[in-house]
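Each value in this text was obtained by applying a stated rule to the coordinates, not by laboratory testing. Predicted model, so just to flag it, every value in this text is computed and none were measured. Glycine gets a Cβ as well: all are built from the backbone with ideal geometry, and neighbour counts include every protein chain shown.
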Amino acid sequence: MKSEGEQRAGLLYGIGAYGMWGLVPLFWPLLKPAGAVEILAHRMVWSLAVVAIALLVVRRWAWIRELLAEPRKLGLLVVAATVISVNWGLYIWSVNTGRVVEASLGYFINPLVTIAMGVLLLKERLRPAQWAAVGVGLAAVLVLAIGYGQPPWISLTLAFSFATYGLVKKKVNIGGLESLAAETVILFVPALGYLVWLGGSGDATFGPEGAGHAALLAATGVVTAVPLVCFGAAAIRVPLSTLGLLQYLAPVFQFLLGVLYFHEAMPAERWAGFALVWAALTILTWDALRTARRTRATAEALRRAEAEAVSKAGAEAAIRAQSPDVATSPAAAEAGAVGRRVESSTSGD
């Protein structure tokens, strides 16, 4: 159990991480006239530089040898790097072409897509409330498709790419900083090659647009790494249920920026679609909190029963030790039976 101070710090780290991810649409337009692909390439290159410095500070290098000895993990990281590059590039392009609201939708529906992928790929079984949430989410996509005149491809691609990234990362199972380092190493050569080619063709903005612009492009590494470090600090300090609620901060901020700051259009069909998405997420969150509460209550009941049984058995043992001729009482027998039942149920878990 983490202390109250640690949990409070974890909550602040979590708010910081998701807050920065939610406000990042304010940053990408500052990098114009650089295109989305050039920005993406700089993000890959400078992220590696920042992560390498972080690894030097914490002196965590042992994972590299272990990773090189596992070709399957390396292959999965190549997949993860490819998928996240698609996600990053599309998101940057969406923001810089005035589609912040549609991009935010991708992260709103990401939990629903993750659940759907769990059913289809991992054969996971859903609770009724989860099925209801997925159904409402599908209805939302249909309403938005009618409103847009086509399926919301940007939102769907962002959601599916990020859900796939999460699925692959779950199978790789290495730390966030280490994973980002490996992914950026994989992406570094093609990214640097593209930037060299762009510079040779005279189309690069790094340099010709001035020192300020170059500094902003270099800052993409910090913009990428700092929220991830905050997220990692939060993940080890707060319960998963709290982290699950905090994840909605990012798309909420993105949506508000799109509507209130960038003044993107929100016709009635789009409001209806978003309302359905929010309803689905409300169902999902309610179900997750209820399940977590039940799990905690069951675990607490088992702990109390075990403690009571052990206490009764200990008291009876003390009595027998003082009076060896005293027969085992019914209460002691019952306490022993309860202890055995609790032990059996816990070992079965």
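So the values come out like this:
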read-out: Sites excluded, trypsin sites (Lys or Arg not before Pro) in DSSP loops with at most 12 other C-beta within 10 Å, longest stretch of the chain; value: 126-349
read-out: Compactness index (Cα Rg / 2.2 N^0.38 Å), the chain; value: 1.28
read-out: Shape call, the range 146-234: gyration tensor on alpha carbons, a/c limit 1.5; value: oblate
read-out: Residue among Glu316, Glu124, Glu264 with the largest mean-square fluctuation in a Gaussian network model of the chain, springs linking Cα atoms under 10 Å; value: Glu316
read-out: Over 26 Å [Cα-Cα, the range 174-332], rounded percent; value: 65
read-out: Highest-fluctuation residue, Leu216, Leu158, Leu67 considered, GNM on the chain with Cα pairs under 10 Å; value: Leu67
read-out: The range 93-222: projected area of the alpha-carbon convex hull, averaged over directions, in nm²; value: 10.9
read-out: Overall Cα dimensions of the range 1-99 - principal axes, largest extent first, Å; value: 44, 41, 23
read-out: Normalised contact order of the chain, rounded percent, pairs of Cα under 8 Å and 6 or more residues apart; value: 34
read-out: GluC sites (Glu not before Pro) restricted to the range 1-49 and DSSP loop, no more than 12 other C-beta within 10 Å; value: none
read-out: Euclidean distance between Cα centres, the range 211-279 to the range 16-91, Å; value: 16
read-out: CD proxy at 222 nm, helix term only [per DSSP H run n ≥ 4: -39500 (n - 2.57); per residue of the chain; nearest 500]; value: -27000 deg cm²/dmol
read-out: Among Ala139, Ala288, Ala318: highest mean-square fluctuation, GNM of the chain, C-alpha pairs under 10 Å; value: Ala318
read-out: Net +/- balance of residues flanking Thr220 in space, Cβ distance below 11 Å, scoring K and R +1, D and E -1; value: 0
read-out: Global geometry of the range 224-293, whether rounded, prolate or oblate, following the gyration tensor of its Cα atoms and the 1.5 cut on a/c; value: oblate
read-out: Cross-link reach list, lysines versus Lys312, counting only Cα pairs under 27 Å and skipping chain neighbours closer than eight places; value: none
